[in-house]
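What follows is a single structure, written as structure tokens, with notes after it.
The values are calculated or read from the model by the stated rules, or taken from the named source; none is laboratory data. Since the model is a prediction, treat every value here as computed from it, not as a measurement. Every residue, glycine as well, gets a Cβ built from its backbone with ideal geometry; the counts of neighbours run over all protein chains shown.
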Amino acid sequence: MKKVLVFAGSTSRNSINKKFATLAATKLKKTPHEIIDLNDYKLPLFSVDIENEEGFPQEAKAFKELIDGSEGIILSLAEHNGSYSAAFKNLMDWLSRIEANFWVNKPMLLLSTSPGQLGAKFVMEAAMKRFPIHGSNIIANFSLPSFDANFSEDKLLNEELNKEFLEMVAMFEDALK
């Protein structure tokens, strides 16, 4: 049985976005999931020269195989200076060279969170514009503001936010084939 691929666009060992993506995965009612860590996919900084001289890194090919073999994707994006983390952007650069439409129309639940009140709103906006160019099928998206005040391991503490979050997870799961 195929699984939902779950990860954060962060390499922080204590990533709040990994915690958030993991919470979403635990709310899936009938779909198995696999949580991965970007730290397990060390990639050289993208360069056409490296690509021409060495080809695609094995880690980039392995990550692409995970996407291809998944039923859907839960991704929570970290925001660094209003955009993707360097590690996630680098991964996207490599993936887009392997296949321009690297998300291959997999249903996606796109999340973001931050300690601040905007909930990584700027990286979410960037992804909502950019991901469709790479073949994304974003079923639902949700930004969680003020992570420390609103998150616990089993639910979001703000009832209104938790209700909306659970609706987004259910919408995503309903879209899985």
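Numbers for the structure displayed
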{"item": "Test: residue in the stretch 60-73 that is in contact with a strand residue (DSSP E or B) (Cβ under 9 Å, 6 or more places away or on another chain), in contact (Cβ under 8 Å) with a residue 40 or more places away in the chain and farther than 20 Å from I138 by Cβ", "result": "no"}
{"item": "Residues of the stretch 94-110 that turn out to be in a helix (DSSP H, G or I) and more than 15 Å from the chain's Cα centre (by Cα), as a count", "result": "4"}
{"item": "Qualifying residue in the stretch 80-87 (condition: assigned to a loop (DSSP other than H, G, I, E, B), in contact with an Asp or Glu (Cβ under 9 Å, 6 or more places away or on another chain) and over 18 Å from D40 (Cα atoms))", "result": "no"}
{"item": "Hey, K121 closer than 26 Å to K3 by Cβ and either surrounded by fewer than 19 Cβ atoms within 10 Å (Cβ to Cβ) or at pLDDT 95 or above (or both) or not", "result": "no"}
{"item": "Single match in S12, S76 (criterion: touching a residue at least 40 places away in the same chain (Cβ under 8 Å) and either surrounded by fewer than 17 Cβ atoms within 10 Å (Cβ to Cβ) or part of a helix (DSSP H, G or I) (or both))", "result": "S12"}
{"item": "Flag if K89 is among the basic types (K, R), more than 27 Å from F151 (Cα to Cα) and at pLDDT 95 or above", "result": "no"}
